[in-house]
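Trainee: Here it is: the structure, laid out below.
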Amino acid sequence: QVRRLLSARAAAVTSAAEALVAARAVVATALVRDRSVLAAQRTRPPALAGLWELPGGRVEEGESDADAVVRECREELGTEVVVDGRLATDLRIDAGVLRVHTAHLADGGPEPRALEHSGLRWVTAAEVPGVDWVPADRAVVADLVDLLRP
Ligand code: DCM
C-alpha cells in the first residue's frame, strides 16, 4: 500500500516537472521575403553545427511568442521583423514544443546578418526540401513549401 502511494507520488512529481519543462516555450521564425524563407546555419552544439534552422529561441518570462520572435531576430539577425502568422505544425525538441511563427522584414529595416550563425541563405520552395535542416525543423518542410508556393 505504502509502496503504491509512493510510486503514485513519484509519478505526480515527474509529470509536474515535465509540465514545467514543456511550459518553457521555444519559438522559431519563418522569415519570408520574395517567396523565399531565411535559413540560418547553426554553430552549436556539435551535433547541430553546420545544419540549418529557422532562427529563434526561448520565450522569456512575461513575453508573448511574437515578442520573443522579434527579440530573437534582433539578437541573431540584427533586423526588425513583423510577425504575421504561424505554421500549423509544431516542432518536437528535447525542451518540449517549438512553435513556428511567420514574419516579414519591417519596411526600410536593416538587412539580416549572421550575428550568431555561421551563415544565412534565402531558400525558395523548390530548394526547401534539399536543405540540410536540423532534425526538428524537417517537420515543417511541407508547411514551408506551401507557404512559399505562389
Ligand atoms: N531549435 C531547433 N530548431 C530551431 C530553433 C531551435 O531545433 N529552429 C532547438 C535547438 C535547441 C533548442 O531549440 O535544442 C534551443 O535553441 P537555441 O540553442 O538556439 O537557444
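Trainee: Which trypsin sites (Lys or Arg not before Pro) in the range 86-149 pass both tests, a DSSP loop state and at most 16 other beta-carbon atoms within 10 Å?
Mentor: Here the trypsin sites (Lys or Arg not before Pro) that fit, given the DSSP loop and packing criteria, are Arg113.
Trainee: Roughly how many Å² of Leu5 are accessible to a 1.4 Å probe, to the nearest 10?
Mentor: Here the residue's solvent-accessible area equals roughly 120 Å².
Trainee: Could you derive backbone 3J(HN,Hα) for the range 87-97 from the dihedral phi with the Karplus parameters 6.51, -1.76 and 1.60 (θ = phi - 60°), listing whole Hz in sequence and x where the residue is Gly or Pro?
Mentor: Karplus-based 3J(HN,Hα) across the range 87-97 equals 7, 6, 8, 8, 9, 9, 10, 3, 6, x, 10 Hz.
Trainee: Okay, helix-only estimate at 222 nm for the chain: each DSSP H run of n ≥ 4 adds -39500 (n - 2.57), divide by all residues, round to 500 deg cm²/dmol; what do you get?
Mentor: For the chain, the value works out to -9500 deg cm²/dmol.
Trainee: If you average the sequence gap of Cα pairs under 8 Å that are 6 or more apart and divide by the length of the chain, what percent do you get for the contact order?
Mentor: 29 percent
Trainee: Taking the Cα atoms only, what angle lies between the long axis of helix 2-23 and the longest principal axis of the chain, rounded to 10 degrees?
Mentor: Helix 2-23 sits roughly 20 degrees off the main axis of the chain.
Trainee: Quote the Stokes-Einstein diffusion coefficient, in whole µm² s⁻¹, for the chain, based on the Kirkwood radius over alpha carbon pairs, a temperature of 37 °C and a viscosity of 0.692 mPa s.
Mentor: Reported coefficient: 199 µm²/s.
The values are calculated or read from the model by the stated rules, or taken from the named source; none is laboratory data. Fair warning: this is a prediction, and the values are worked out from it, not measured in the lab. Backbone-built Cβ (ideal geometry, glycine too); neighbour counts: all protein chains shown. Note: accessible area is taken over every heavy atom of the protein model, side chains too, but ligands, DNA and RNA are not part of it. Shrake-Rupley method; radii C 1.70, N 1.55, O 1.52, S 1.80 Å.
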